[in-house]
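What follows is calculated from the coordinates using simple rules that are stated; it is not laboratory data. None of the values given here were measured: they were computed from a predicted structure. For neighbour counting, all protein chains shown are included, and Cβ atoms are generated from backbone atoms with ideal geometry for every residue, glycine included.
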Amino acid sequence: MDPFSIVFVCTGNRFRSPLAAAFVQRLTLGLPVETESYGTLSVEDAPPLPEAAEIAVWSGVSLSEHRSRYLNNASLGNVDLVLGFEPTHVRQAVVDAGAPRERSFTIGDFVPLLPPYGGAPADRDIVGRARSLVVDAGRRLAGSTGLKSKSMADPFGGPWKVYRRTAFEIRELTIALVEGLFGVTDVSGLPPIPARRGRARRILRR
């Protein structure tokens, strides 16, 4: 089956977008869904921020193999859905990486455009359904006027509580994303974001 492809874009590709991609990948295990992530900064092969790696461990995913990738080196013309965290991410994806404008959104704008998931027949084409929902969301957003795109600030350089709050928001948005697009309601494989630091750092040092 032709998989449904999602690309997440943030600034450095070291916290927001790799976490989102990993969360969605974990939530859609066994489904025909592919995730990737890029950054708008011209930085290649940098590891995730330590805070991202630590939160990932707590959340049942791993960023150990992740290295940053520069968005302008990507070719996104055939991607089903591009999700940035700020409007500048979306613009650069469209202008410099060829992402389809009608399938590119900030994640904060896109998720509320999804209808509540009411269940679908077991034999329903989930990829076809997801693609139809993206088309519908693009039309709805294009028909909106006077709306300010929603942004999620970069936590880089902030205290732990800012990283945690950002990761919590990413987790909640990705849960809503996979439920709306694919009907995934089981989130047991994605534990909550830790309230404190410590244990995950010890795990990472092993």
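Taking 0.36 nm per residue of sequence separation and removing the Cα-Cα distance, the Arg139/Glu102 pair yields an extension gain of 12.6 nm. If you take the beta carbon distance between Phe156 and Asn73 as r and set R0 to 25 Å, what does 1/(1 + (r/R0)^6) give as a FRET efficiency, to the nearest 0.05? E between Phe156 and Asn73, to the nearest 0.05, is 0.70. For the range 99-117, backbone nitrogen atoms closer than 11 Å to the point 7 Å from Leu147 Cα along Cα-to-C-beta are found at 106, 108-114. Assuming R0 = 30 Å, what is the FRET efficiency of Leu29 and Ser132, from their Cβ-Cβ distance, to the nearest 0.05? With R0 = 30 Å, the Cβ-Cβ based efficiency is 0.85.
Each of the peptides 95-107, 39-51 was scored by the mean count of other Cβ atoms within 10 Å over its residues; in descending order, highest first, they stand as 95-107, 39-51. Mean residue ellipticity at 222 nm, helices only, the chain: -12500 deg cm²/dmol; runs of at least 4 DSSP H residues each add -39,500 (n - 2.57), and the sum is divided by the number of residues. By the Kirkwood approach, averaging reciprocal distances over each pair of separate Cα atoms, the chain gets a hydrodynamic radius of 17.2 Å.
Counting Lys and Arg as +1 and Asp and Glu as -1 over every other residue whose Cβ lies under 14 Å from the Cβ of Gly77, the net charge comes to -2. All other residues whose Cβ lies under 13 angstrom from that of Gly158 are scored, Lys and Arg at +1 and Asp and Glu at -1, for a net of +2.
Under the simplified labelling scheme, the Glu65-Asp2 pair shows an inter-label distance of 2.6 nm, with each label point 7 Å from Cα along Cα→Cβ.
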